[in-house]
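One structure is given here, and the rest of the page talks about it.
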Amino acid sequence: MSVTRGSYTQSQKLMTFVLSMSLYGLATLISELIPSVQVGIVEFSVEFFLFIPLAIAMLFDPLSAALGAATGELVFSEIMLGQFGGIGELEKFLTVTIALYVAGTLVKDPRNMKAVALVSFGCTALQLAMSAGVDICKVAFAVEEFEAVPGLPESVYFTEGFAFANDLLFSGILFCMLPTMFLVPRLYGKIEPLLGMKPRTPENAPAAPSAGLVIAAVACFAVAVAVACFSEAGFSLIEWEAEWAESETAIFTGIVVSAVVALVAAFWAHRNAQLRSA
């Protein structure tokens with residue numbers, strides 16, 4: 001494969017997309033089975049296993065990994081669990097895609113553990129900050145009933161800020177930064193040849209975020225805010241929830257399906273790599 005900066009074939013991008021989609025979909029389903037723990041006013045819960053798509057984005061094509069993770073969360077943890085929130089689902093899709101894509105482009109050498117740690121923590125902070133920003137905008141535009149302190153809308157800043165800090169310090173460190181720091185340097189140079197790709201180096205790494213990317217990210221965030229507001233206002237278009245929504249049967253069925261998809265994708269990728277090297 002050529003060492004052109006950020007160069008991946010369409011087949012490799014598709015493999016990255018499917019692997020990220022199935023593995024992150026599997027992870028989000030497993031997180032549904034983990035109970036939260038309440039200690040006073042602080043709730044400790046596993047919000048996400050973001051280290052999985054983060055590792056893929058740092059080792060392979062960032063855009064394919066980001067889109068795959070967002071799609072996997074939508075398909076496996078929403079649709080397969082018997083629920084779909086209409087255009088409101090686009091909010092999470094866009095914020096996850098932006099955070100993962102930016103993070104994947106910032107890591108030029110996956111062996112640099114310091115860079116991996118900083119970027120993975122920053123990725124979590126960016127995604128949580130965008131989600132909190134969307135919630136604040138919904139309250140500011142008076143499209144969501146505010147329940148924290150009736151008559152004191154300003155408290156939304158405290159509520160969202162506390163939730164942001166809690167999720168960042170708990171899920172962000174334990175289930176994002178630390179496992180990403182462990183996985184990425186150890187997988188580097190071992191998993192890429194199995195998929196027919198060359199390991200990332202500063203010479204062939206994806207280009208750093210440009211002004212155009214920043215503008216596109218801001219535009220996508222604005223779209224996320226708009227669709228979230230429309231959804232809360234009742235303009236969700238296609239919205240449904242099945243009787244068996246979030247049941248254990250649905251969760252375990254989704255886990256099996258996502259695991260099978262991941263295994264098939266991994267086998268297909270490895271088989272294609274063998275054929276190309278033959």
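The values are calculated or read from the model by the stated rules, or taken from the named source; none is laboratory data. Values in this document were obtained by computation on a predicted structure and should not be read as measured data. All Cβ positions, even for glycine, are placed from backbone atoms using ideal geometry, and neighbour counts span all protein chains on display. Each accessible area value is taken on the protein alone, full model and side chains, heavy atoms only, with ligands, DNA and RNA left out. Shrake-Rupley method; radii C 1.70, N 1.55, O 1.52, S 1.80 Å.
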- Given the peptides 208-218, 83-93, arrange them by the average over their residues of other C-beta atoms within 10 Å, most packed first. 83-93, 208-218
- Note on the structure: Length-normalised contact order of the range 10-236, Cα under 8 Å, at least 6 apart, in percent, tallies to 28 percent
- Message: Which of the three applies to the range 182-256, rounded, prolate or oblate, going by the alpha-carbon gyration tensor with a ≥ b ≥ c and a/c under 1.5 meaning rounded?
- Response: oblate
- Provide the packing ranking of 129-135, 252-258, i.e. peptides ordered by the mean count of other C-beta atoms within 10 Å per residue, highest first. 129-135, 252-258
- Query: Quick one: which of 51-63, 166-178 comes out on top by average Cβ neighbours within 10 Å, and what's the full order, highest first?
  - Reply: 51-63, 166-178
- Query: Which distance in nm do the two modelled labels at Arg276 and Val264 give, with both placed 7 Å along the Cα-to-Cβ direction?
  - Reply: 2.2 nm
- Query: Between Ser11 and Lys108, what FRET efficiency follows from the Cβ-Cβ distance if R0 is 25 Å, with the result rounded to 0.05?
  - Reply: 0.55
- Can you work out the accessible area per residue across the range 10-236, with the rest of the protein chains kept in place, probe 1.4 Å, in square angstrom? 43 Å²
- Message: Among the listed pairs Lys92/Lys138; Lys92/Lys114; Lys13/Lys114, which have their C-alpha atoms separated by more than 21 angstrom in this model?
- Response: Lys92/Lys114; Lys13/Lys114
- Kindly provide the helix-only [θ] at 222 nm of the chain, computed as the sum of -39,500 (n - 2.57) over DSSP H runs of four or more divided by all residues, to the nearest 500 deg cm²/dmol? -20500 deg cm²/dmol
- Message: In whole percent, and with a 1.4 Å probe on the protein chains, what portion of the accessible area of the chain is carbon and sulfur?
- Response: 69 percent
- Message: Under a crude label model (7 Å from the Cα following the beta-carbon direction), how far is Val223 from Tyr157 in nanometres?
- Response: 3.0 nm
- Note on the structure: Listed by chain and number, the lysines with an alpha carbon less than 16 angstrom from that of Lys190, same-chain partners under 8 positions apart left out, are Lys198
- Where a label projected 7 Å from the Cα of Ile30 along Cα→Cβ would reach, residues of the range 248-278 with amide N under 14 Å: 252, 255-260, 262-263
- Helix by helix, which DSSP H runs in the chain go 20 Å or more along their axis at the Cα atoms and have an average Kyte-Doolittle hydropathy of 0.0 or more? 10-32, 89-106, 113-140, 211-232, 248-277
